[in-house]
1. Name the residue that is nearest to residue 94 (Cα to Cα), counting only residues in region 50-80 that are open to solvent by 90 Å² or more (accessible area, probe 1.4 Å) and not in a helix (DSSP H, G or I).
2. Filter region 52-80 down to residues that are in contact (Cβ under 8 Å) with a residue 40 or more places away in the chain and under 11 Å from the mean Cα position of the chain (by Cα), then give me how many there are.
3. Answer with yes or no whether residue 3 is open to solvent by less than 50 Å² (accessible area, probe 1.4 Å), aliphatic (A, V, I, L, M) and modelled with pLDDT under 90.
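The values are calculated or read from the model by the stated rules, or taken from the named source; none is laboratory data. Since we're looking at a predicted model, the values are computed, not measured. Here the Cβ is made from the backbone with ideal geometry for all residues, glycine too, and neighbour counts use every protein chain on show. When the accessible area is computed, the model is the full protein with side chains, heavy atoms only, and any ligands, DNA or RNA have been set aside. Shrake-Rupley method; radii C 1.70, N 1.55, O 1.52, S 1.80 Å.
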Amino acid sequence: INAEYMGIPRMTAPPGYVANRTYNIISSSLTSRQKALCLYRAILREAKLMPSQNRIDFIFAKARKEYRESKHLTDPEDILLQLRYADTMLDTIIVQAEHLSKLFATYKGPKPSKKGRPGRRQ
């Protein structure tokens, strides 16, 4: 179906969007430890693309906590489950970073006043 032919405008990617940014870590021939470290680094790298420092700090803390809790796993099925969970979280972070960056770029809400937060009585 040709969307432009039907009068639907073509969507353009936002600035900074990389369409082919994928991580095929789970299916690679790395050891479980190497896969976990690759996913951990990728999560931290992608978290830095979040538009707010609070969100970046939250993702960093959550990643550290999850990896510390899973550090001592020995069952291969449990390890694979945690690797898949980390891969899903990485995909979620990528989508959220893109969405929130667009949202923050177009937000035209009230400007904070010098006296306090907007909408509050002094």
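1. Going residue by residue through region 50-80, those that are open to solvent by 90 Å² or more (accessible area, probe 1.4 Å) are 53-54, 58, 64-65, 68-69, 71-72, 74, 76-77.
Pick out the ones that are also not in a helix (DSSP H, G or I) and you get 71-72, 74.
On the way: 71: 24, 72: 27, 74: 29 Å.
Only one residue fits best here, namely 71.
2. Adding up the residues that qualify gives 1.
3. Numbers: open to solvent by less than 50 Å² (accessible area, probe 1.4 Å): yes; aliphatic (A, V, I, L, M): yes; modelled with pLDDT under 90: yes.
Taking the combined requirement at face value, the residue satisfies it.
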